[in-house]
Structures are given as C-alpha cells and as structure tokens.
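Remarks on the structure that follows.
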Amino acid sequence: MTGLLAKGIRYAVSLLVVVVLTFALPRAMPGDPVMNIIGEDVSVSPATLDAIRAEIGLDRPVTEQFASYLWSLLHLDLGYSYHLSAPVFDLLVARMGWTLLFTGIAIVVGAAIGILAGTVAGWRPETKRSRAVTLAALAVSCTPPYFLALLFLSFFSFRLGLFPFKGLYDEATFGSVVHHLFLPVLVLTLFAAARNTLIMRGSVVQEKGSLYALYARARGLSDRAVLFGHVLKNASLPIVTLIALDFGFIFSGALFVEIVFSLNGMGTLIYDAVLGRDYPLLQGAFLVIAVMVVCANLAADLVYLLVDPRIRRQGQ
Amino acid sequence: MKTIPAFLSCLAVLILAASLVPAACAAGDGETMTRAELSAAILPYMEATYCGENVVHLAPIEIRTAACRFLGLPEPPENTEALRIATPNVVKATNFYDDYYVGIFTHLSNLPMMRMDANGHLVGLTADRYEVSSDNTQWTFYLKDDLFWSDGRRVTPEDVAFSFEYLGEHEPDAGWIKETLVGTTVSDEENAVTFTFNKPYTTINLEFATYNILPKHIWEHISDPNEYTEAGPFVGDGPYYLEEIDLNAAKMTFRKNHHWQGKQPAFGTVEVHWFANDDAAALALEAGDVDTYYRYANSYPYAGVQRLKDTGEFNTLEKTSIGLTFLAPNLKRAPMNDLSFREALADAINYDELVAVDTLGYGTVPNRGFVPPGMDYFADTPALAYDPVAARQILHDAGYLDTDGNGIVECNGTDLDLDLLVRTGFERDGQLIEEYLEDVGIGATVHQVDSTTWFSLKDEYDYDLTVTGTTPWGMLMHAGWGTGYFDSRRTGKGVLHNLDDPVYLALCDNILATSDQAQLERYAGEMQAYFDDNLPAIALYWKKDVIPYNRAYTGWYYEPLFGIYDIETFLNVRAASG
C-alpha cells in the first residue's frame, strides 16, 4: 500500500513537471507565433503585429501567461488555437477519435502478432521458420516508416488499384473508412508486430534457459506447457512495458503514415502546430500525451503486480 | 436567362409545365389535368418556393426541376462529371475565411474584383471596369451586371463594399485596408462602388485580384469570421460555389452555380483533392484518379514530369514562373554592404549547375536585373555568369586577401566565415552555394532552419547571406518587380526589408505614385537597372511552372499569379473529343 502511495505521489509530481514543461517547451523554440498568423508575402504594420500579439496574450509577461495557463487548465480549458481558429479541446477530440482508430488497432493487433511470433521464434530459434520470422521482423524494423508506407501505397494502391490514395474516407460510411484505413493500419501493425516480435524473441530465448523452465521440463511437462504455461508469462514483462508506452503515445499519432496517406490525425496536427508555433495547441497536445503516458505507466505497474508475484511480494 | 421578375418566372414554369403535361399524362396513371388546374397548383408552389423576398433570379434548372417534381416526372439529370485537381496545398481547417488555401481555392466560387490574364495584365472579374482619380486616392469599380449568388440573389455594390470593410476589420493580412480606407460609397444606379483612401494608392486593382467577394446578406450575420468553422455549403457567385470542405476526405467540392450567366462550364463539379505529400499526389495522377496538379506558386515536381509524360495520358503546360529563388546578402553587414564583394558573390555561383540540379532543365540562368521575363515591362539586363576566376580577382582587388594561404580570404584580419541562412525547401541550393563560395575563397557555414525560425532571424538581421524564394504575388506586391522583399520600410513574414538606399526607396515611391502605364514602364526599367548595378539580391535561377494535365481534356489556361487556378480554366476545359 505504501508502495502504491509512493507511486501515486511520484506520478502526481510527474504531472506537475509535465504541466510546466508543456508550457515552457513551445516557448523555448525560436520564432515568433505572430509572424505565422499573417500570410507569407504580406506587409503588416508594427501596430497590427502588436494588436495580434495583444489579442492572443503574448504581450503579457511569461509568468502572467503561465498563471493564465494554469487557471485555464483548472477550468478544463485548453485554450484556443492561433492557426486553426478553434478551441484546442475540440481540435484534439476531433483528431483523437480517428487516431485512436488507426493506431489503436495497429497496437493491439501488432502486440498480439508480435507476442505470438516472438514466442515461437524464441522457443526454437534454430529452425528455419524462426529464422524467417526473425529476418522478416528485422527487415521491417530497419525500414524507414515513410519508405515502407510509400512502398505499400505504390504497390497496393497504384499497381493493384486495391486501395485509395488518401484520406480517411470518400463518403463517411463504415465501408469507406475500412477501405481507406486498411493500408495505414497494415503498415502500422507491421511495425508494431516486428518490434514486439524481436523483443519477445529475445525475452523468450533468455527465459527458456532459466532454472524454472529446466525444472518444468524435468517434471516431464510438454514443450507447449512449459512455453505457454511458464515461460510466456515471464517473457512478456518487457512487452507489457512497451505496449503501455505505445498506448501512452497513441495520441501522438503516426506522423509518417499520416503524411503518406494524407490522414487527418494527431501526428500532423502536432507537426503543424510545431511549425506554426501554435502554443495553445502544442500545450494541449503535449499535455494529453503526457497524461496518457503517465496513466499507461501506472497501468503497466498494475499489470506487473498481477503478472509477477515477486513484485507483489515486494509491495507487501 | 437574365433576371426574371417573379411573375415571369412563374409564367415560364407554367409554360414549361404545360408542355410537359402530355408526357406526364402518358407516363402517369392516365388522369388528365387542365391548364387552369396546373396553374393553380404550380403558382402557389413556385411563389412559396422561389419567389420569396429578395429572390430575383430563377435558374432554368430550378424551374425544370420544380416542374418535374410537381408533375411527378423524373427530375432533370445533374451533370455529374467532375474535374479533379490534386494539390499538396493542404487545407488545415474548415474555415472559409481564415484558412490560407481555402482562400485561394475559393477564387473559383467567390470571385475577386480583378484577375490577371495570361499576359500578366489585370482585367475585371467581378468588376467590369474601373476608374481612378487623378490623385490616385479614389477608385471606382463598375460591377458586371450579370453576376448572381448561388442562392439567386444579385451581386450588388453593397456586397463589394461590405467585403472590403469586413476584410479590413477581421483579417490581419488586410490591415492596410483598415489603415488607409477612408470610406466607401455605392451607386446602385451605376452598379458601382467607390473606395476613397487617405493616401494615393496605385495598385488597388492588383490588391483586389486576391481578395474574395462575400455575400453581405450571409456574412453580415457572422460577427467573427475567423471563428466561423463550417464545412459548407457557402454561397458563391462564380461558375461554381463551394459545397463542402471535408478535412477527413481531404477534399473540397465545388458544385455548379446554376445562377451563373457566363459561359457554362463543362463539369458539374470541381473537386480539389489535397495530398500531404507529393509522391502520393503523383501516384494518384498517374493512376488517373485526378486530372491535373496545382500547387500555388510552384511547379509539379520536375523529377516526375517525364514519368507522367511516358504514360501517354498526360500533356504539360510549361510556363515561365514570375516566382524565383534568390540569394540575399544582409546589406546591413560588412562585407555584404560592399558592392565589390557582392559582384564577387555573383561571379562565384555556378548558375548552369543550379539550373540543371534544381530545375532539371526546366529553368534558365537569370539576369542581373532579378525580374523574370514573365513580368510586365521586363528589361533584358545582362545574364549572370559563373566566373570563379573573376570572382577571386574582384576579391583580391577589393582587398579581401588570403594572407595565410588557407584558401579562405580574410576580412578585418580573420578568415571570412559567413552565416548562410537557408530556409526549409532550399536545402540543396544552400549546400551548393556554400561549395561555390568556398571555391573562390569565401568561407560560409550553412544554417538550415525551419520557416518560423527563418522569419525571426531575418527580422533580426541575424545572418550574412540567406537563400529564399519569391512567390508570384511577392514579385507583384508593394511597388512590384520584387521591390516588396527589400524595401526597409516594410515589415512582414517573407520580406527581408534590408535595403534603405535612398535611390531605391525613391524609385519605389515613384512607382507607387503613378498609375500611368508609360511612366510605370520607365520606372520598371530603372528598377531592373538598379538591381543590375547594385545587386541587392542575386537571382539563382528562373524556373518554369510545369503543370501536367489529362490529355482527355483541353482548354487549360495559365496566368502568372495563380497559375492554372483561374476562372478561364474552369470555363474552358472540356473533353478533348468534344
């Protein structure tokens, strides 16, 4: 219980630090947000620039801006985007749904495939099948995401004409969404599965040589029983951490895939906000991601408690 | 069909409906209907549906549709053929007023007052003609009398006056309107609107080629257009109106404005499909999913042109752009403020290689006069030439010596190491220029920065040299001929405001003080001669805009300001076989 309390305090402090950082980091970048609000080749008077600065509150001292930010946060107000002319909360909610759809599916399916393939590859690493799985996972992991996404677009959409080139849908129907998201989800799933396969494989290779696995074999348990009854549970601990982190970063989107498939997701939203120095949007997006990461870590700690009796005993 | 008073509309419907009665009876259940019965049924319907307050125009298709609906006949078929345009200009928000690219794309639906023709001359679009007072403070625009909003109302001088007052009030980019516009007066009799400014303004006709006209009866109810985020439809007065902005489908759809009285376009809809990367756009084009490619102020990627041509499905328009890429010395710092040093810079650059590497042959070596040939009153100044030997000699003669023999000349006793500030999009130019300069003994270090950082650094004059580019609008803004980028009295996002030479400023003022074309031609020549003599900026290459288009369609039109995104394209493009 004390351990849980300590963790809770640690997470609360982390959140506080996160709030300070989400405010400070965008402002630490060089460049003036006001310049991005006006058009590229226009001349505006200093008076107009000052008026814009005052309107968005950037004329006030930083401490005052921070106090205002905190006050807004306490009122669950994430601010108003300079560039997209909408409340940050609305913008994030609109994009989060779609992002959750394509990254969420990829994380879950990628985790399932990765755990299964990694377990099989790690249990008998000398077989051809295991080597093939490892090679494929390595190849996908080493491929730049942008390149792989483009390769899939070129092959499946252009050569075979099976999928559309862009967007989340043509008409907002279930079928159209599935048709449009199949390729992006496939690419993201491959990356998640490849990484999880490699981690899981290494973990299984390590665990299968442990004394408990040897003891289980000596008791006459079948390979299947040893692998899925004992080794898998212990080997999956690193994967739990990774999946938790994945879920934490789920709302940061998948920038490269969003760019290749022209998807209206969180990745491009944050990217554009960085380029445009859209402080409120950056603050809001970073805060949401940070909170998700903290929550996901908390969840991972809880899963560890369930999975690993040693950690439970430490807690007691 | 011209404006139809309500009773005439109804009459037209009646006649049309009467002509349809036999067919209706034949196709229907055999009941007969007298004309009186028909009239009694249709007239109230038409009055209720179309002849409400302020509706002055009925489109033929509306009359036919209403009649068919009344008679239970199949409605006339809509033209479903679509012209599909691919663009990398990504629309970020469903904000008709505030999103930069929505503003450009809606030139099709909400016609600006003026437009540029293929020769770079300004001609009327919403305006039929204009007059300017002798002191250039008062501009009167006479509107075309056959323009109607897509909801059937007439475009009025009040709409035009409202649009600019509203713009000045709400749009930061148009702050100049608020600062200089004294008043507007409208004349319904003459169908004209007069703008009075607090100082001479000679380029209003150009400024007015970029701002969309809004229907007052809609927008006057929207207190803050910057916060107005709706997907559509939006009332427009062009051959098409904007039906929908769909961010998730990455598409804008324009539908035919049935109240458009001019030449009828061949397509029922125009779709603008944006792609977040050029590679996907190129694949979609090659696959035939889209018919052409448009990117404001830019060409289709040169590397992909031949591949498209090889499909046999595409032709290209190749036009010299009035936008260009250039090297700008910081004239407020030594040694860049030394003309001899700038001459050495100009000689050090291998223009042929830049043209070959950057434009893959779709460009030309520029002149010393900076201004590309596509601009009005282009003066053919001497071409820039790569001559490293001459560059080294100039440096030597001007006292920039390499005393320690390390290959880099010195300035004030230390090796020259210039900060070469390179903006996103010009990475390759920056690297090549760094090499060229070091080859003649000028040390330089590339600082690659994103656009926002670039804005700050150039505004603080925190660079020695910078590589950037102009847009077509940028070449035309201020006093024109690229002057807007350098005049030290200006501030703005893309402008360098680094030139305060009184001769240059006086030239800008002279241009800004006249609308007389003969005088303008003389001043334009003087301005290009000034660039030739003083090299405040060095053009790196002039380039072509290459626009691929589906061979199945013909009638494509290009103008220097907005390329093919011009009303003439949308009115003239039709099936090649037709």
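The values are calculated or read from the model by the stated rules, or taken from the named source; none is laboratory data. Owing to the predicted nature of the structure, the values given are computational and were not obtained by experimental measurement. Here Cβ is always computed from backbone atoms with ideal geometry, including for glycine, and neighbour counts include all displayed protein chains.
Looking only at segment A:120-137, filter to residues that are aliphatic (A, V, I, L, M) and surrounded by fewer than 14 Cβ atoms within 10 Å (Cβ to Cβ); which one of those is nearest to the other protein chains (Cβ to nearest Cβ)?
This residue is A:Leu135.
Apart from one condition, A:Thr48 fits all of (1) surrounded by 15 or more Cβ atoms within 10 Å (Cβ to Cβ); (2) more than 10 Å from chain B (Cβ to nearest Cβ); the exception is (2). The residues of segment B:463-496 that are under 22 Å from B:Asp376 (Cα atoms), part of a loop (DSSP other than H, G, I, E, B) and more than 10 Å from chain A (Cβ to nearest Cβ), listed by number, are B:Ala479, B:Gly480, B:Trp481, B:Gly482, B:Phe486.
With respect to the conditions (1) under 25 Å from the mean Cα position of the chain (by Cα); (2) within 20 Å of B:Val440 (Cα to Cα), B:Glu318 falls short on a single one, namely (2). Among residues of segment A:265-315 being of a type in the set (D, E, K, R) and in a loop (DSSP other than H, G, I, E, B), the one that is nearest to A:Ser85 (Cα to Cα) is A:Asp278.
Hey, can you tell me all the residues within segment A:46-70 that are in contact (Cβ under 8 Å) with a residue 12 or more places away in the chain and of a type in the set (Val, Ile, Thr)? If the condition is that a residue be in contact (Cβ under 8 Å) with a residue 12 or more places away in the chain and of a type in the set (Val, Ile, Thr), then A:Ile52, A:Ile56, A:Val62 are the ones that fit. The listed residues are A:Ile9, A:Ile115, A:Ile56, A:Ile105, and the only one of them that is within 14 Å of chain B (Cβ to nearest Cβ) and either buried (at least 17 other Cβ atoms within 10 Å of the Cβ) or of a type in the set (A, V, I, L, M) (or both) turns out to be A:Ile56. Mind listing just one residue for me: the one in segment A:242-264 that is more than 10 Å from chain B (Cβ to nearest Cβ) and not in a helix (DSSP H, G or I) and, of those, farthest from A:Val19 (Cα to Cα)? My answer is A:Ala254.
Note on segment B:362-406: residues that are part of a loop (DSSP other than H, G, I, E, B) and free of Cβ contacts under 8 Å to residues at least 24 places away in the same chain total 7. For segment A:265-278, a residue qualifies if it is farther than 21 Å from A:Ala28 by Cβ and more than 8 Å from chain B (Cβ to nearest Cβ), and the qualifying residues are A:Gly265, A:Met266, A:Gly267.
At least 1 residues being charged (D, E, K, R) and closer than 18 Å to B:Ser515 by Cα is the threshold, and among the strands (runs of 3 or more DSSP E) wholly inside segment B:89-164 those reaching it are B:114-116, B:127-132.
Within segment B:209-234, the residues that satisfy the criterion of being crowded, with 19+ Cβ neighbours inside 10 Å and within 17 Å of B:Pro157 (Cβ to Cβ) are B:Tyr211, B:Asn212, B:Ile213, B:Leu214, B:Pro215, B:Lys216, B:Trp219.
Is it the case that some residue within segment A:23-30 is of a type outside the set (Gly, Ala, Ser), in contact with a Phe, Trp or Tyr (Cβ under 8 Å, 6 or more places away or on another chain), within 14 Å of chain B (Cβ to nearest Cβ) and closer than 26 Å to B:Thr453 by Cβ? If you could, list the steps in order and put the result at the bottom.
Of segment A:23-30, the ones of a type outside the set (Gly, Ala, Ser) are A:23, A:25-27, A:29-30.
Subset that is in contact with a Phe, Trp or Tyr (Cβ under 8 Å, 6 or more places away or on another chain): A:23, A:25-27.
Next cut, within 14 Å of chain B (Cβ to nearest Cβ) only: A:26-27.
Filter once more, so that each one left must be closer than 26 Å to B:Thr453 by Cβ: A:26-27.
Yes, that holds for at least one residue.
Going by what's in this entry, would A:Val291 be described as within 26 Å of A:Gly79 (Cα to Cα) and more than 14 Å from every other protein chain (Cβ to nearest Cβ)?
yes
How many of the residues in segment A:236-282 are over 30 Å from A:Gln206 (Cα atoms) and either of a type outside the set (Lys, Arg) or surrounded by fewer than 21 Cβ atoms within 10 Å (Cβ to Cβ) (or both)? Result for segment A:236-282: 31.
Which of the residues spanning segment B:480-492 are over 20 Å from B:Ser321 (Cβ atoms) and not hydroxyl-bearing (Ser, Thr, Tyr)? Matches in segment B:480-492: B:Asp487, B:Arg489, B:Arg490, B:Gly492.
Considering only residues in segment B:525-541 that are surrounded by 24 or more Cβ atoms within 10 Å (Cβ to Cβ) and aromatic (Phe, Trp, Tyr), the one that is nearest to B:Glu343 (Cα to Cα) turns out to be B:Phe531.
Look at segment B:60-78: where a residue is over 22 Å from B:Val270 (Cβ atoms) and a partner is part of a loop (DSSP other than H, G, I, E, B), sitting 6+ places away or on another chain with Cβ atoms under 7 Å, you get B:Arg64/B:Pro76; B:Cys68/B:Pro74; B:Cys68/B:Glu75; B:Cys68/B:Pro76; B:Arg69/B:Glu75; B:Gly72/B:Gly28.
Residue-by-condition table, conditions (1) crowded, with 23+ Cβ neighbours inside 10 Å; (2) among the hydroxyl-bearing types (Ser, Thr, Tyr); (3) under 30 Å from B:Ile204 (Cβ atoms):
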| site | (1), (2), (3) |
| --- | --- |
| B:Leu395 | yes, no, no |
| B:Asp415 | no, no, no |
| B:Lys458 | yes, no, yes |
| B:Thr470 | yes, yes, yes |
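Checked against (1) surrounded by fewer than 14 Cβ atoms within 10 Å (Cβ to Cβ); (2) over 13 Å from B:Thr325 (Cα atoms); (3) touching a helix residue (DSSP H, G or I) at 6+ places or on another chain (Cβ under 9 Å), B:Arg428 passes all but a single condition, namely (2).
Residue check: is B:Leu421 within 14 Å of another protein chain (Cβ to nearest Cβ), touching a Phe, Trp or Tyr at 6+ places or on another chain (Cβ under 7 Å) and surrounded by 16 or more Cβ atoms within 10 Å (Cβ to Cβ)? Yes, satisfied.
Examine segment B:433-454 for a residue that is under 17 Å from B:Leu540 (Cα atoms), under 27 Å from the mean Cα position of the chain (by Cα) and within 14 Å of chain A (Cβ to nearest Cβ), and state whether such a residue exists. Scanning segment B:433-454 turns up no residue that is under 17 Å from B:Leu540 (Cα atoms), under 27 Å from the mean Cα position of the chain (by Cα) and within 14 Å of chain A (Cβ to nearest Cβ). Within segment B:89-129, the set of residues being away from chain A (no Cβ under 14 Å), under 29 Å from A:Leu84 (Cβ atoms) and small (Gly, Ala, Ser) comprises B:Ser109 only. The residues in segment B:213-259 that are more than 15 Å from B:Leu83 (Cβ to Cβ), hydrophobic (A, V, I, L, M, F, W, C) and more than 14 Å from chain A (Cβ to nearest Cβ) can be counted, and the count is 6. Right, A:Val93: over 30 Å from A:Glu55 (Cα atoms) and modelled with pLDDT of 90 or more or not? No. Based on this model, can you work out whether B:Gly175 counts as within 14 Å of another protein chain (Cβ to nearest Cβ), free of Cβ contacts under 8 Å to residues at least 60 places away in the same chain and either surrounded by 18 or more Cβ atoms within 10 Å (Cβ to Cβ) or not charged (D, E, K, R) (or both)? Considered against the rule, which asks whether it is within 14 Å of another protein chain (Cβ to nearest Cβ), free of Cβ contacts under 8 Å to residues at least 60 places away in the same chain and either surrounded by 18 or more Cβ atoms within 10 Å (Cβ to Cβ) or not charged (D, E, K, R) (or both), B:Gly175 comes out as yes. Against the definition (of a type in the set (Ser, Thr, Tyr) and touching a residue at least 60 places away in the same chain (Cβ under 8 Å)), how does B:Thr156 come out, yes or no? It is true that B:Thr156 is of a type in the set (Ser, Thr, Tyr) and touching a residue at least 60 places away in the same chain (Cβ under 8 Å). Entry remark, segment B:317-347: residues being in a strand (DSSP E or B) and of a type outside the set (Val, Ile, Thr) number 10 in total. In segment B:251-263, what residues are out of contact with any Leu (no Cβ under 8 Å at 6 or more places or on another chain) and not in a strand (DSSP E or B)? Result: B:Asn257, B:His258, B:His259, B:Trp260.
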